[in-house]
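The values are calculated or read from the model by the stated rules, or taken from the named source; none is laboratory data. Bear in mind the structure is a predicted one, so any value in this text is a computation, not a measurement. Ideal geometry is used to build each Cβ from the backbone, glycine not excepted, and the neighbour counts take in all protein chains shown.
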Amino acid sequence: MQIFAQSKERAVDSSSSRPSSSPKSLAEKHFFKFLLVLLLIAGSAYASISYTRFKFARSEIAYAEISKEMLAANSFIVPLYHNIACIDKPVLNYWAIIPSFKLFGVNDFAARIPSLLASLACLSLSALAIRRIWGSDVSLLSTMVLATSFRYWEFSTLCMTDMFLTLFDTVTLIALFIGLKQEKKRFAYFAVAAVSMGLAVLTKGPVGLILPAFSFFLYILFTRNWKVLNLVQITICAAIFFAVAAPWYIAATAAVDTSANIGAWLWHHNVERFFGSAYEFHNDPFYMIGSLFNGFVPWCLFLPIALVDSLVRWVKKKDVEESKTELYLWIWLILTTTFFTLSRGKMNYYDLPAFPAAAGIVGLHLNHWIRNKNAIAIGSGWLFAIVLIVGSFVSAAILPAVTASDDFSAWCVMPISLLVSGGAATIALRRKHYFAPFALCCAGMGAALLAFAFQISPAMAKQAPALEYIQTIKQHPNAKIALHKEFAPTVDWFDVTLFKTDRVPTELTGIDDMAAFLTQKDPVYVIVPETQFNSLPLSVREKVTVLQNRPYMSEKIDVRFLLKRKQNLTGKVHLLLVSNTPR
């Protein structure tokens, strides 16, 4: 997959290309070994987080539950929720989760495996494409940047549509770029792009076509490359796109004749959401810019510097061919962010498909700075090393309270990993090796994720008693379930309970309905905060049994929550499991 004729022979320097006769760098000699190690570290970290994540996050419970119900009902065209047709998202993500459920059982980790594989595929594809353009050093740096950016690894561990959309957008834009550069194979690569856009539309809807198509159009507009547009090829590729994307939409439209049909979904979740009439709450106009920088931590520091660097080189017309290629990435990044900035309905992960472009840009400029021993590379290397060392001591101070354990062995791996990687990066910097510190910092972040998965997450799970209560309820398939409103919305426990028990829980909102539910003849289980239970009449409390009584996390975990609780996850209020049956 050769994009430029000379791309194999050069690793780009900040001022000029390195001649093909120059000695190969260590990264070039052992590229595939390094890439394999990087993917193994990333895959292990993502899989560990996915496996030990003790409760569903964001919207992933909906994808897991719908996939489970589709599998149970053998309904592979129409998504089902509470056994009712529910066209909330296109079908491809469900199609990916269902085979995983068949192979590994219906559980949280199985639902997340497809996203994990999609993220690794995206890392691999991006690495190979960038290597052909800018060489092995840039490729490995870009892949490390992408793999360790916060939102990328977060969504690699969630069973949502966004990682698939990121993968398909990446495939599309790489295929379009290769087709642009290779006339003889142009149609073949454009056909690959058409298939990939069709799959993206089956994943997330029209945005899977709009974002890559407009990015490519703007690029050929700016570079005046109109000759690549061939009406016959465009027509055939359009037919390929519709052949991939349209059959499910047609079949689902024929199968669903309710308010949840395809037309209603296309209008509500695309047009109304974009123009802001779908929801009452709207984020501010610059929300997506902040989202990009927050999600691309810690590498977001380099994006403004890279932009200034790029503008200076464009004005001076230095490295014209390289600048044209980099422009492709900037258009990909800026158009994606701008598109959702213009939308009134936006979430902080909508710009995830732009992350491969952002990683490529940062990797390219970081390699320039490292090769020139630029102050930016040296300073940021020291900054990363110091942050890891400081993070080691901060985590050592916080983790005893978070894990509810003073035993050093119960939480030691994370602070040790951060300290070792930060210390090794410091040694490399003192020896004037400026590539190694970034690799060591990425390895340290990967080790910290593994430590979180195997030590911190299980300890936190023990402080979420509702999961244990649900497992107790699951052993009594004939019992009815109710959750008190004050507790349930915290992590959308209604859907979690449905997924785990195959029973729709009742929502209790007041004293009267809780008393009525507990005093019925059928066996029942109620999960309720202690304060709400104590408000029941004594006559009701005497007729029921409190099976479990434990403190719980009453709010979503974030930095504000930890500071408020002084790093203690559980509060003073306890969560009860109550039943009208004997213990």
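Can you spot a residue in segment 138-145 that is surrounded by fewer than 20 Cβ atoms within 10 Å (Cβ to Cβ) and either polar (S, T, N, Q) or not assigned by TED's automatic domain parsing to the domain that holds C441 (or both)?
Checked segment 138-145: no residue is surrounded by fewer than 20 Cβ atoms within 10 Å (Cβ to Cβ) and either polar (S, T, N, Q) or not assigned by TED's automatic domain parsing to the domain that holds C441 (or both).
May I ask you to list the residues in segment 541-553 that are modelled with pLDDT of 90 or more and either in a helix (DSSP H, G or I) or hydroxyl-bearing (S, T, Y) (or both)?
R541, T545
If the requirement is being surrounded by 15 or more Cβ atoms within 10 Å (Cβ to Cβ), within 23 Å of A64 (Cα to Cα) and assigned by TED's automatic domain parsing to the domain that holds C122, which of these qualifies: L202, L209, L173?
None of the other options fit; the residue is L202.
Among the small types (G, A, S) and closer than 23 Å to S25 by Cα: which single residue out of A424, A401, A410 fits that description?
A424
Among what's in segment 179-214 and is under 22 Å from the mean Cα position of the chain (by Cα) and hydroxyl-bearing (S, T, Y), pick the residue that is farthest from L167 (Cα to Cα).
This residue is T203.
Given the criterion surrounded by 16 or more Cβ atoms within 10 Å (Cβ to Cβ), over 28 Å from A357 (Cα atoms) and more than 24 Å from the chain's Cα centre (by Cα), identify the matching residue among Y249, Y219.
The conditions single out Y249.
The rows are residues; the columns are (1) modelled with pLDDT of 75 or more; (2) of a type outside the set (G, A, S); (3) in the same structural domain as Y94 (by TED's automatic domain parsing).
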| position | (1), (2), (3) |
| --- | --- |
| N230 | yes, yes, yes |
| A264 | no, no, yes |
| F275 | no, yes, yes |
| A278 | no, no, yes |
| P285 | no, yes, yes |
| I289 | yes, yes, yes |
| P304 | yes, yes, yes |
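Scan the helices (runs of 4 or more DSSP H) fully inside segment 449-522 and keep the ones with 3 or more residues being over 24 Å from A111 (Cβ atoms) and free of Cβ contacts under 8 Å to residues at least 60 places away in the same chain.
Because the criterion is at least 3 residues that are over 24 Å from A111 (Cβ atoms) and free of Cβ contacts under 8 Å to residues at least 60 places away in the same chain, the helices (runs of 4 or more DSSP H) in segment 449-522 that meet it are 511-518.
Could we say that L311 is within 28 Å of I289 (Cβ to Cβ), of a type in the set (A, V, I, L, M, F, W, C) and in a helix (DSSP H, G or I) here?
Answer is yes for this residue.
Do we have A385 as farther than 30 Å from I427 by Cβ and crowded, with 24+ Cβ neighbours inside 10 Å here?
The answer is no for A385.
Can you work out which of the residues in segment 402-448 that are of a type in the set (V, I, T) and assigned to a helix (DSSP H, G or I) is farthest from W299 (Cα to Cα)?
Of everything passing the filter in segment 402-448, V402 is farthest from W299 (Cα to Cα).
Of the residues S75, S21, S7, S14, which single one is small (G, A, S) and modelled with pLDDT of 90 or more?
S75
Please verify whether N367 is closer than 24 Å to G135 by Cα and polar (S, T, N, Q), treating the condition exactly as stated.
yes
Matching residues to (1) β-branched (V, I, T); (2) over 17 Å from L301 (Cβ atoms); (3) out of contact with any Leu (no Cβ under 9 Å at 6 or more places or on another chain):
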| site | (1), (2), (3) |
| --- | --- |
| K317 | no, yes, yes |
| L335 | no, yes, no |
| K346 | no, yes, yes |
| L388 | no, no, no |
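Take the residues of segment 414-427 that are surrounded by fewer than 20 Cβ atoms within 10 Å (Cβ to Cβ) and touching a residue at least 12 places away in the same chain (Cβ under 8 Å): which is farthest from I378 (Cα to Cα)?
I416
For (1) within 20 Å of A42 (Cβ to Cβ); (2) outside the structural domain of C122 (by TED's automatic domain parsing), each residue gets a yes or a no:
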position	(1), (2)
A359	yes, no
A401	no, yes
M414	yes, yes
G423	no, yes
I427	no, yes
P437	yes, yes
G446	yes, yes
F452	yes, yes
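Do the conditions hold for A121, that is, is it within 16 Å of the chain's Cα centre (by Cα), surrounded by fewer than 23 Cβ atoms within 10 Å (Cβ to Cβ) and at pLDDT 95 or above?
So A121 passes the test.
Is it fair to say S50 is closer than 30 Å to P458 by Cα, assigned to a helix (DSSP H, G or I) and assigned by TED's automatic domain parsing to the domain that holds M197?
The answer is yes for S50.
Please go through segment 119-177 and give me each residue that is part of a helix (DSSP H, G or I) and of a type in the set (S, T, N, Q), ordered by number.
Within segment 119-177, S119, S124, S126, S136, S139, S142, T143, T148, T166, T170, T172 meet the criteria.
Quick grid of which residues meet (1) loosely packed, with under 15 Cβ neighbours inside 10 Å; (2) of a type outside the set (A, V, I, L, M); (3) at positive phi:
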| residue | (1), (2), (3) |
| --- | --- |
| Q475 | yes, yes, no |
| K480 | no, yes, no |
| T501 | no, yes, no |
| T506 | no, yes, no |
| P523 | yes, yes, no |
| P529 | no, yes, no |
| L538 | yes, no, no |
| M553 | no, no, no |
